[in-house]
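Any read-out appearing in this document is the output of simple, stated calculations on the displayed coordinates, not a laboratory observation. Since we're looking at a predicted model, the values are computed, not measured. No Cβ is skipped: glycine too gets one built from the backbone with ideal geometry, and neighbour counts run over all protein chains shown.
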Amino acid sequence: MYDVVIVGGGIVGLASAYKISHQHPDLKVLVLEKEETLAAHQTGRNSGVIHSGIYYKPGTYKAKNCVEGRRELVAFAKTHHIPHDICGKVIVATDAKELPVMDKIFNNGIQNGVEGIEKIDAAKITELEPACRGIAGLWVPCTGIIDYVATSEKLAELIQSRPQNQVMNGYEVLDFVKEGDLTHVITSKGNFKTRYLICCAGLQSDRIAKKDGMEPGMKVVGFRGDYYELSEQGMSKVKNLIYPVPNPEFPFLGVHFTRMIQGGVECGPNAVFVFKREGYGKTDFSFTDTWDALSYLGTWKLFYKHWRFGLDEYRRAFSKRLFLSRLQRLIPELRMEDIEPGRAGVRAMALDPHGDMIDDFKIVKSGNAIHILNAPSPAATAALAIGKAVEEMAREQFFLS
Ligand SMILES: Cc1cc2nc3c(=O)[nH]c(=O)nc-3n(C[C@H](O)[C@H](O)[C@H](O)COP(=O)(O)OP(=O)(O)OC[C@H]3O[C@@H](n4cnc5c(N)ncnc54)[C@H](O)[C@@H]3O)c2cc1C
């Protein structure tokens, strides 16, 4: 019997459990993760960037939680000796058509309270990143890199520092059965009773919400992001983080160069529709996931609206030459031998029935449960702020003292 069961051992579930156990030390909290390790999906397969908050529309949950979450994450990393580096990044415009979008991003950054951002010229871009070429750019000094898996493991350790709490890996939540005010959580390895439920299931968030009797009003579709790694000789061409000006029609930041905290430099990710939500190989397929996505009208509306983008991303996923030509927009001297195939991650993209991608974080209350339905990038950066929002919601919804 637990007070709060949290489904999902990614960074959002763990940060929510951490905030609740910290604010309510008498509650008995259990985190259930289906994989044998924490952070096995989006959290452990992302770019490892601490985002500044510059991109997001002022007033959105993303804007607020990214800036607050970043500050708290950096303080947390310092306190708990988690590998990180506030190395700054450049956002580079390579075409005059991108300048209005770049200006908009700069203004968003100012309104969102992002510290130290500057407009820079072509000479300053090459001073910061000697191999990079652009016509103008933004310098964002408070962006950084971090180990999100180590952050997640530290959160789990702190949650379990109170002896009544547990984080259990290898427990897949299969169903929920309500009994009065309680919920029975049915898992692959046994059942647990809880007074309150908080679901942070990432790529499975819509399915878990349905199992709890909720109609989420959206569907998760997966978009795989493939990365290349810079080879030994390519590595000298990037110092820190180099990003393009993103296409404002999509919630993706564009293929970028990222120095990783564990060493090495990655470039990616692209954004390819997947036929398996947790499929990281280029040809992975799941009948259930494919049927689920293709029987949803929203998916077809998305395809109809963005078929050209989808096709281009697909071609790039199978062609190193096309991937390289995208990277050469930022670093013209990059060569085929400078990049080697790397890992992949899948983003959970929440689609509404009209085929529109839900851009902002979406957290919904329902009876004795809270469902985090949509926590896309920068939710890793923002996790501690999201956790705080979930704790405040839980206090109100569950009448916690
Ligand atoms: C390619 C890529 C690059 C990104 N880059 C960045 C970045 O640089 N910076 C940034 O801030 N954000 C980035 N993001 C976004 C960020 O990684 C995610 O927003 C964040 O990790 C979401 O965390 P989560 O806990 O909600 O999801 P997840 O990390 O996916 O965790 C959900 C967990 O729930 C578990 N689960 C699901 N179903 C069940 C079940 N039935 N029973 C038990 N457990 C279950 C899963 O196994 C999983 O561990 C990126 C994402 C991707 C995919």
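Subtracting the Cα-Cα distance of Tyr304 and Asp360 from their residue separation scaled by 0.36 nm leaves 17.9 nm. Size of segment 1-119 from its Cα atoms: along the principal axes, largest to smallest, the extents are 60, 28, 26 Å. Taking a point 7 Å out from the Cα of Arg329 in the direction of its Cβ, the residues of segment 228-261 whose backbone N falls within less than 15 Å of it are 242-257.
Using the Stokes-Einstein relation with a Kirkwood hydrodynamic radius computed over Cα pairs, the translational diffusion coefficient of segment 253-310 at 10 °C and a viscosity of 1.306 mPa s comes to 117 µm²/s. Calculated over segment 216-346, the projected area of the Cα convex hull averaged across directions stands at 8.8 nm².
Percent of Cα pairs in segment 301-390 per distance bin of 5 Å, from zero to the largest separation: 3, 10, 14, 15, 15, 14, 12, 9, 5, 2, 1, 0. Sites listed here are chymotrypsin sites (Phe, Trp or Tyr not before Pro) in segment 238-282 whose DSSP assignment is loop and whose Cβ has at most 10 other Cβ atoms within 10 Å, and the list is empty. Note on segment 277-347: the C-alpha convex hull projects to 5.8 nm² when averaged across all orientations.
What translational diffusion coefficient, to the nearest whole µm²/s, does segment 36-91 have by Stokes-Einstein, given a Kirkwood radius computed over alpha-carbon pairs, a temperature of 20 °C and 1.002 mPa s viscosity? For the chosen part, D equals 166 µm²/s. May I ask you to work out the translational diffusion coefficient for segment 1-65 at 25 °C, viscosity 0.890 mPa s, via Stokes-Einstein with Rh from the Kirkwood sum over Cα pairs, reported in whole µm²/s? Taking Rh from Cα pairs, D becomes 178 µm²/s. The order of the peptides 186-196, 369-379 by mean Cβ neighbours within 10 Å, most packed first, is 369-379, 186-196. Taking each DSSP H run with n ≥ 4 as -39500 (n - 2.57) and averaging over every residue of the chain yields -10000 deg cm²/dmol at 222 nm.
Loop-resident GluC sites (Glu not before Pro) (DSSP state other than H, G, I, E or B) in segment 1-92 with no more than 14 further Cβ atoms inside 10 Å of their Cβ: Glu36. Across segment 69-191, the volume of the C-alpha convex hull divided among the residues equals 214 Å³ per residue. Summarised in one figure, the compactness ratio Rg/Rh of the chain, Cα atoms and Kirkwood Rh, is 0.97. According to the calculation over all Cα-Cα pairs in segment 343-387, the P(r) per 5 Å bin from zero is 5, 18, 24, 23, 18, 9, 2, 1 %. For segment 152-251, the alpha carbon convex hull comes to 202 Å³ per residue, rounded to a whole number. Among residues other than Arg329 with Cβ under 10 Å from its Cβ, the summed charge is +1 (Lys and Arg +1, Asp and Glu -1).
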